[in-house]
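Presented below is the structure to which this report refers.
No value in this document is a laboratory result; all are computed from the given coordinates. Since we're looking at a predicted model, the values are computed, not measured. Counting neighbours? That spans all protein chains shown, and the Cβs are built from the backbone with ideal geometry, glycine included.
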Amino acid sequence: MKIYLIRHGIAESRAMEKNDSQRILTRKGITKTQKVAQKLTNLDIEFDAIITSPYTRAKETAIILQQAKRTLNIIEHSALIPQGNILEWFNWLQTSPYKSARNIALIGHEPDLSEWAHLLIWGKTEDKLILKKAGIIGLEVADLSNPLGTAQLFLLASPKWISC
């Protein structure tokens, strides 16, 4: 299975009067994310499903990808909130209709997505990869029953590179 870890687009700044989970994408964040979606379209990359954090900015990112016809299916999953648990997500995947999917996109937050990539590639966090807003890490996972330390990195792309 190929797993694309996608960080949400640029969101409005944290404000004391607004709950972090409700922050929305800025106009610039929408534009950059649309460019990323267009690049995925140009590369003919489609997802069997997009699994997203329930936070507004992540859901908006998922919708932009869906509008670009990258998937029909968007599913919210609590494991993708900040400080979510990768093993919780893999346990869900094992019993989901997507356990045999070819391509899955996970839309979430930093530093969690980079940490998930570290765990999948090296089996531990290494603090070597940093995922920019609207950036993508592509991993191929051969053994979903034992994913930690078994993935191969095939893509690490910033939104600047993607939108060229």
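Here the 3J(HN,Hα) profile of the range 117-131, calculated from phi with Karplus coefficients 6.51, -1.76 and 1.60 at θ = phi - 60°, is 4, 4, 4, 6, 7, 9, x, 7, 6, 10, 6, 9, 9, 10, 9 Hz, Gly and Pro shown as x.
A Cβ-based charge dipole, computed about the Cα centre of the chain with Lys and Arg at +1 and Asp and Glu at -1, lands at about 700 debye. Kindly flag which residue pairs out of 39/160; 35/69; 124/160; 28/160 have an alpha-carbon separation exceeding 20 Å in this structure. Beyond 20 Å between Cα atoms: 124/160. Ordering 109, 24, 146 by Cα displacement along the dipole of the chain toward the positive end leaves 24 in first place; charges were set at the Cβ atoms of Lys, Arg (+1) and Asp, Glu (-1).
For the range 6-15, 3J(HN,Hα) computed residue by residue from phi via the Karplus equation (6.51, -1.76, 1.60; θ = phi - 60°) reads 10, 7, 4, x, 4, 10, 4, 5, 5, 10 Hz, glycine and proline entered as x.
Classify the chain: rounded, prolate or oblate, from the alpha-carbon gyration tensor (a ≥ b ≥ c, eigenvalue square roots; a/c under 1.5 rounded; otherwise prolate if a/b is larger than b/c)? Verdict is rounded for the chain. Its relative contact order, with pairs defined as Cα atoms under 8 Å and 6+ residues apart, puts the chain at 30 percent. Need one number: nm distance between label points at residue 91 and residue 140, each 7 Å from Cα along Cα→Cβ, rounded to one decimal. The modelled label-to-label distance comes out at 3.0 nm. Label-to-label distance, residue 13 versus residue 128, with points set 7 angstrom from Cα along the beta-carbon direction: 3.6 nm. When only the Cβ of Lys, Arg, Asp and Glu is charged (+1, +1, -1, -1), the dipole of the range 124-164 relative to its Cα centre reaches about 280 debye. The separation of the range 89-119 from the range 1-66, counted between C-alpha centres, amounts to 15 Å.
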